[in-house]
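Worksheet: the structure to be examined is printed underneath.
The values are calculated or read from the model by the stated rules, or taken from the named source; none is laboratory data. As the structure is a computational prediction, the values presented were derived from the model and not from experiment. With ideal geometry, Cβ positions are generated from the backbone for all residues, glycine too; neighbour counts draw on all protein chains shown.
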Amino acid sequence: MSVLLYEKKDRIAYITLNRPEAMNSINAEMWDALTQAWIDVRDDPEVWTAIVTAAGEKAFCTGADLKEMGAVFAEAIKLGKPPTVPIPYITPMRGGLNVWKPFIAAINGIALGGGLELAMACDIRIAAEHAKMGVPEVKQGLIPGMSGTQKIPRLVPFGAAMEMLMTGDAITAQEAYRLGLVNRVVPAAELLSTAEALARKINENGPVAVRAVKESAYRGIQMSLEDGLRFESLITVAVTQTEDAMEGPRAFIEKRKPVFKGK
(Lines give C-alpha, C1' and ligand atoms only; values in the text may rest on other atoms or scores of the structure.)
Protein backbone atom coordinates (compact mmCIF):
# COMPACT_ATOMS: atom_id res chain seq x y z
CA MET A 1 0.00 0.00 0.00
CA SER A 2 1.31 3.43 -0.93
CA VAL A 3 2.31 5.67 1.99
CA LEU A 4 0.97 8.66 0.03
CA LEU A 5 -2.11 8.83 -2.16
CA TYR A 6 -1.98 11.34 -5.02
CA GLU A 7 -5.02 12.05 -7.16
CA LYS A 8 -6.07 14.83 -9.51
CA LYS A 9 -9.63 15.87 -10.33
CA ASP A 10 -11.17 19.06 -11.72
CA ARG A 11 -7.86 20.96 -11.49
CA ILE A 12 -7.44 20.02 -7.82
CA ALA A 13 -4.64 17.73 -6.64
CA TYR A 14 -5.33 15.64 -3.55
CA ILE A 15 -2.28 14.73 -1.48
CA THR A 16 -3.25 12.24 1.25
CA LEU A 17 -0.82 10.90 3.84
CA ASN A 18 -1.63 7.22 4.11
CA ARG A 19 -0.03 5.69 7.20
CA PRO A 20 -2.95 5.88 9.67
CA GLU A 21 -1.57 2.89 11.58
CA ALA A 22 1.53 5.01 12.33
CA MET A 23 -0.37 8.26 12.98
CA ASN A 24 0.61 9.28 9.46
CA SER A 25 4.18 9.87 10.60
CA ILE A 26 6.66 10.60 7.83
CA ASN A 27 9.19 7.90 6.99
CA ALA A 28 11.87 8.06 4.29
CA GLU A 29 9.47 6.79 1.63
CA MET A 30 6.93 9.46 2.47
CA TRP A 31 9.55 12.25 2.48
CA ASP A 32 10.31 11.40 -1.13
CA ALA A 33 6.65 10.97 -2.10
CA LEU A 34 5.69 14.34 -0.59
CA THR A 35 8.45 16.13 -2.44
CA GLN A 36 7.50 14.44 -5.72
CA ALA A 37 3.84 15.39 -5.21
CA TRP A 38 4.77 19.04 -4.65
CA ILE A 39 6.87 18.98 -7.83
CA ASP A 40 4.04 17.42 -9.83
CA VAL A 41 1.63 20.11 -8.63
CA ARG A 42 4.17 22.70 -9.71
CA ASP A 43 4.75 21.20 -13.15
CA ASP A 44 1.28 19.98 -14.19
CA PRO A 45 -0.54 22.80 -16.01
CA GLU A 46 -3.87 21.08 -15.37
CA VAL A 47 -3.45 21.39 -11.59
CA TRP A 48 -4.42 24.79 -10.23
CA THR A 49 -4.82 24.08 -6.51
CA ALA A 50 -3.82 21.31 -4.08
CA ILE A 51 -5.39 19.92 -0.90
CA VAL A 52 -3.19 18.16 1.66
CA THR A 53 -4.89 15.85 4.16
CA ALA A 54 -4.44 12.42 5.73
CA ALA A 55 -6.14 9.05 6.04
CA GLY A 56 -8.03 8.19 9.21
CA GLU A 57 -9.74 10.37 11.77
CA LYS A 58 -7.15 10.50 14.54
CA ALA A 59 -4.04 12.10 13.09
CA PHE A 60 -3.11 14.45 10.30
CA CYS A 61 0.58 13.78 10.89
CA THR A 62 2.74 13.36 13.99
CA GLY A 63 5.94 14.35 12.23
CA ALA A 64 8.98 12.24 11.46
CA ASP A 65 8.73 8.51 12.09
CA LEU A 66 10.45 8.24 15.48
CA LYS A 67 10.93 4.48 15.17
CA GLU A 68 12.86 4.94 11.95
CA MET A 69 14.76 7.89 13.38
CA GLY A 70 15.47 5.99 16.59
CA ALA A 71 17.02 3.14 14.63
CA VAL A 72 19.35 5.59 12.89
CA PHE A 73 20.30 7.18 16.21
CA ALA A 74 20.91 3.78 17.82
CA GLU A 75 23.20 2.72 14.98
CA ALA A 76 25.15 5.98 15.19
CA ILE A 77 25.59 5.61 18.95
CA LYS A 78 26.69 2.01 18.45
CA LEU A 79 29.38 3.20 16.05
CA GLY A 80 30.37 6.05 18.34
CA LYS A 81 29.32 8.71 15.84
CA PRO A 82 27.07 11.77 16.24
CA PRO A 83 23.54 10.86 15.08
CA THR A 84 22.34 12.45 11.84
CA VAL A 85 18.64 13.14 11.40
CA PRO A 86 17.60 11.27 8.20
CA ILE A 87 15.57 14.14 6.75
CA PRO A 88 16.26 15.67 3.30
CA TYR A 89 17.16 19.35 3.21
CA ILE A 90 14.82 20.28 0.34
CA THR A 91 11.27 19.43 1.38
CA PRO A 92 7.86 21.10 1.07
CA MET A 93 8.26 22.28 4.68
CA ARG A 94 11.62 23.92 4.11
CA GLY A 95 10.76 25.26 0.68
CA GLY A 96 13.22 25.56 -2.15
CA LEU A 97 10.73 24.12 -4.66
CA ASN A 98 9.14 27.48 -5.59
CA VAL A 99 5.59 26.22 -6.02
CA TRP A 100 3.35 29.25 -6.39
CA LYS A 101 0.09 27.36 -6.79
CA PRO A 102 -2.21 27.46 -3.72
CA PHE A 103 -2.08 24.65 -1.15
CA ILE A 104 -4.85 24.04 1.39
CA ALA A 105 -4.22 21.89 4.46
CA ALA A 106 -7.24 19.93 5.69
CA ILE A 107 -6.06 19.02 9.19
CA ASN A 108 -8.12 15.97 10.13
CA GLY A 109 -6.59 15.29 13.55
CA ILE A 110 -3.38 15.62 15.53
CA ALA A 111 -0.68 17.68 13.78
CA LEU A 112 2.57 17.58 15.71
CA GLY A 113 6.16 18.47 14.88
CA GLY A 114 6.75 17.90 11.19
CA GLY A 115 3.00 17.42 10.80
CA LEU A 116 2.32 21.00 11.86
CA GLU A 117 5.27 22.12 9.76
CA LEU A 118 3.68 20.34 6.78
CA ALA A 119 0.41 22.16 7.43
CA MET A 120 2.34 25.44 7.61
CA ALA A 121 3.88 24.65 4.21
CA CYS A 122 0.35 25.20 2.91
CA ASP A 123 -1.13 28.66 2.37
CA ILE A 124 -4.49 28.08 4.03
CA ARG A 125 -5.23 25.74 6.94
CA ILE A 126 -8.63 24.30 7.83
CA ALA A 127 -8.87 22.17 10.97
CA ALA A 128 -11.39 19.62 12.20
CA GLU A 129 -12.87 20.51 15.59
CA HIS A 130 -11.00 17.71 17.37
CA ALA A 131 -7.59 18.55 15.88
CA LYS A 132 -4.65 19.51 18.07
CA MET A 133 -1.42 21.16 16.97
CA GLY A 134 2.02 21.61 18.44
CA VAL A 135 5.78 21.25 18.12
CA PRO A 136 6.87 18.91 20.95
CA GLU A 137 10.48 18.50 19.83
CA VAL A 138 11.98 20.21 22.89
CA LYS A 139 10.44 17.48 25.05
CA GLN A 140 12.77 15.07 23.23
CA GLY A 141 15.82 17.32 23.37
CA LEU A 142 15.37 18.39 19.73
CA ILE A 143 14.02 21.44 17.92
CA PRO A 144 11.34 21.76 15.23
CA GLY A 145 13.92 22.09 12.48
CA MET A 146 11.66 21.72 9.46
CA SER A 147 10.65 25.41 9.57
CA GLY A 148 8.86 25.46 12.93
CA THR A 149 11.11 28.02 14.62
CA GLN A 150 10.74 30.33 11.62
CA LYS A 151 7.13 29.95 10.53
CA ILE A 152 5.27 29.83 13.82
CA PRO A 153 6.55 33.31 14.86
CA ARG A 154 5.47 34.58 11.44
CA LEU A 155 1.96 33.19 11.75
CA VAL A 156 0.97 33.85 15.37
CA PRO A 157 1.80 36.56 17.93
CA PHE A 158 5.43 36.27 19.01
CA GLY A 159 4.73 35.54 22.65
CA ALA A 160 2.31 32.76 21.79
CA ALA A 161 4.82 31.37 19.30
CA MET A 162 7.56 31.26 21.93
CA GLU A 163 5.26 29.49 24.38
CA MET A 164 4.44 26.83 21.79
CA LEU A 165 8.09 26.40 20.82
CA MET A 166 9.57 26.34 24.33
CA THR A 167 6.94 24.26 26.18
CA GLY A 168 6.27 21.83 23.35
CA ASP A 169 2.62 21.76 24.42
CA ALA A 170 -0.14 21.25 21.87
CA ILE A 171 -3.04 23.64 21.41
CA THR A 172 -6.63 22.93 20.37
CA ALA A 173 -8.06 23.77 16.97
CA GLN A 174 -10.10 26.53 18.57
CA GLU A 175 -6.98 28.09 20.13
CA ALA A 176 -5.14 27.76 16.82
CA TYR A 177 -8.00 29.65 15.17
CA ARG A 178 -7.91 32.37 17.83
CA LEU A 179 -4.19 32.82 17.27
CA GLY A 180 -4.53 32.85 13.48
CA LEU A 181 -2.66 29.60 12.93
CA VAL A 182 -5.66 28.11 11.11
CA ASN A 183 -8.22 29.90 8.95
CA ARG A 184 -11.29 27.87 9.90
CA VAL A 185 -12.45 25.16 12.30
CA VAL A 186 -15.22 22.87 11.07
CA PRO A 187 -16.84 19.57 12.08
CA ALA A 188 -14.75 16.61 10.96
CA ALA A 189 -17.49 15.44 8.58
CA GLU A 190 -17.31 18.78 6.74
CA LEU A 191 -13.53 19.11 6.58
CA LEU A 192 -12.80 17.83 3.08
CA SER A 193 -15.89 19.38 1.52
CA THR A 194 -14.94 22.75 3.04
CA ALA A 195 -11.43 22.47 1.61
CA GLU A 196 -12.82 21.47 -1.79
CA ALA A 197 -15.27 24.37 -1.83
CA LEU A 198 -12.44 26.77 -1.06
CA ALA A 199 -10.22 25.23 -3.76
CA ARG A 200 -13.02 25.56 -6.32
CA LYS A 201 -13.61 29.17 -5.32
CA ILE A 202 -9.91 29.95 -5.80
CA ASN A 203 -9.95 28.12 -9.14
CA GLU A 204 -12.68 30.44 -10.42
CA ASN A 205 -10.08 33.22 -10.43
CA GLY A 206 -7.32 33.75 -12.94
CA PRO A 207 -4.67 31.14 -12.09
CA VAL A 208 -1.77 33.31 -13.29
CA ALA A 209 -2.98 36.10 -11.03
CA VAL A 210 -3.46 33.76 -8.05
CA ARG A 211 0.09 32.43 -8.41
CA ALA A 212 1.46 35.95 -8.83
CA VAL A 213 -0.36 37.04 -5.67
CA LYS A 214 1.17 34.14 -3.74
CA GLU A 215 4.68 34.76 -5.03
CA SER A 216 4.43 38.50 -4.42
CA ALA A 217 3.17 38.01 -0.86
CA TYR A 218 5.74 35.37 0.12
CA ARG A 219 8.68 37.20 -1.41
CA GLY A 220 7.47 40.57 -0.19
CA ILE A 221 7.17 39.53 3.45
CA GLN A 222 10.92 38.93 3.42
CA MET A 223 11.64 42.42 2.06
CA SER A 224 11.29 45.97 3.25
CA LEU A 225 8.01 47.62 2.26
CA GLU A 226 9.81 49.70 -0.35
CA ASP A 227 11.43 46.66 -1.96
CA GLY A 228 8.19 44.70 -1.71
CA LEU A 229 6.27 47.41 -3.54
CA ARG A 230 8.94 47.47 -6.23
CA PHE A 231 8.65 43.70 -6.68
CA GLU A 232 4.86 43.97 -6.78
CA SER A 233 5.13 46.51 -9.61
CA LEU A 234 7.37 44.19 -11.61
CA ILE A 235 5.10 41.18 -11.20
CA THR A 236 2.03 43.32 -11.98
CA VAL A 237 3.52 44.27 -15.34
CA ALA A 238 4.18 40.60 -16.11
CA VAL A 239 0.62 39.58 -15.22
CA THR A 240 -0.96 42.28 -17.38
CA GLN A 241 0.76 40.80 -20.43
CA THR A 242 -1.06 37.46 -20.11
CA GLU A 243 -4.10 36.16 -21.97
CA ASP A 244 -5.98 35.78 -18.68
CA ALA A 245 -5.47 39.49 -17.91
CA MET A 246 -7.22 40.33 -21.17
CA GLU A 247 -9.96 37.73 -20.69
CA GLY A 248 -11.05 39.05 -17.28
CA PRO A 249 -11.99 42.61 -18.34
CA ARG A 250 -13.41 41.32 -21.65
CA ALA A 251 -15.73 38.94 -19.80
CA PHE A 252 -16.81 41.74 -17.46
CA ILE A 253 -17.73 43.99 -20.39
CA GLU A 254 -19.57 41.16 -22.12
CA LYS A 255 -21.36 40.29 -18.87
CA ARG A 256 -20.26 36.65 -18.81
CA LYS A 257 -18.14 34.41 -16.67
CA PRO A 258 -14.45 34.56 -17.66
CA VAL A 259 -12.81 31.50 -19.15
CA PHE A 260 -9.29 31.50 -17.80
CA LYS A 261 -6.61 29.29 -19.33
CA GLY A 262 -3.66 29.93 -17.06
CA LYS A 263 -1.78 31.69 -19.85
### Query
What number of residues within the stretch 38-51 satisfy the criterion of being buried (at least 21 other Cβ atoms within 10 Å of the Cβ) and not aromatic (Phe, Trp, Tyr)?
4
### Task
Scan the stretch 116-128 and report the pairs whose first residue is in the same structural domain as Thr35 (by TED's automatic domain parsing) and in contact (Cβ under 8 Å) with a residue 12 or more places away in the chain and whose second residue is small (Gly, Ala, Ser) and part of a helix (DSSP H, G or I), with Cβ atoms within less than 6 Å and a gap of 6+ or a chain change.
Glu117/Gly148; Arg125/Ala119; Ile126/Ala195; Ala127/Ala173; Ala128/Ala188
### Message
Here's a check for you: in the stretch 226-263, which residue that is acidic (Asp, Glu) and closer than 20 Å to Asn203 by Cβ is surrounded by the most Cβ atoms within 10 Å (Cβ to Cβ)?
### Response
Asp244
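For the condition under 22 Å from Gly148 (Cβ atoms) and out of contact with any helix residue (DSSP H, G or I) (no Cβ under 8 Å at 6 or more places or on another chain), what is the one hit in Ala50, Ala64, Ala59, Ala33?
Result of the check over Ala50, Ala64, Ala59, Ala33: Ala33.
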### Message
Tally up the residues in the stretch 110-129 that are over 15 Å from Thr172 (Cβ atoms) and either in contact with a Gly (Cβ under 7 Å, 6 or more places away or on another chain) or assigned to a helix (DSSP H, G or I) (or both), please.
### Response
6
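Give the residue that is nearest to Glu204 (Cα to Cα), with candidates limited to residues of the stretch 12-29 that are touching a strand residue (DSSP E or B) at 6+ places or on another chain (Cβ under 6 Å) and aliphatic (A, V, I, L, M). Give the derivation first.
So in the stretch 12-29, the residues touching a strand residue (DSSP E or B) at 6+ places or on another chain (Cβ under 6 Å) come out as 12-18, 23-24, 26.
Filter again for aliphatic (A, V, I, L, M), leaving 12-13, 15, 17, 23, 26.
On the way: Ile12: 12, Ala13: 16, Ile15: 21, Leu17: 27, Met23: 35, Ile26: 33 Å.
Per the stated criteria, the residue is Ile12.
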### Message
Could you check the stretch 211-257 and list, in sequence order, the residues that are among the basic types (Lys, Arg) and more than 28 Å from the chain's Cα centre (by Cα)?
### Response
Arg250, Lys255, Arg256, Lys257
### Task
Kindly indicate the residue of the stretch 207-263 that is among the acidic types (Asp, Glu) and touching a Phe, Trp or Tyr at 6+ places or on another chain (Cβ under 7 Å) and also nearest to Leu97 (Cα to Cα) among those meeting that condition.
Glu215
### Message
Criterion first (among the charged types (D, E, K, R), assigned to a helix (DSSP H, G or I) and at pLDDT below 95) does Glu226 satisfy it?
### Response
no
### Message
Any residue in the stretch 197-215 that is without any contact (Cβ under 8 Å) to a residue 40 or more places away in the chain sitting within a Cβ distance under 7 Å of a residue that is buried (at least 19 other Cβ atoms within 10 Å of the Cβ)? List the pairs, counting only those 6 or more apart or interchain.
### Response
Ala209/Asp244
### Task
Filter the stretch 1-37 down to residues that are among the aliphatic types (A, V, I, L, M) and closer than 11 Å to Val52 by Cα and give me whichever is surrounded by the most Cβ atoms within 10 Å (Cβ to Cβ).
Leu17
### Query
So which residues in the stretch 115-148 are modelled with pLDDT under 95 and among the hydrophobic types (A, V, I, L, M, F, W, C), if there are any at all?
Leu142, Ile143, Met146
### Task
Confirm whether Asn98 is touching a residue at least 24 places away in the same chain (Cβ under 8 Å) and out of contact with any strand residue (DSSP E or B) (no Cβ under 8 Å at 6 or more places or on another chain).
yes
### Task
For the stretch 178-199, state whether one or more residues are among the charged types (D, E, K, R) and more than 30 Å from Lys257 (Cα to Cα).
yes
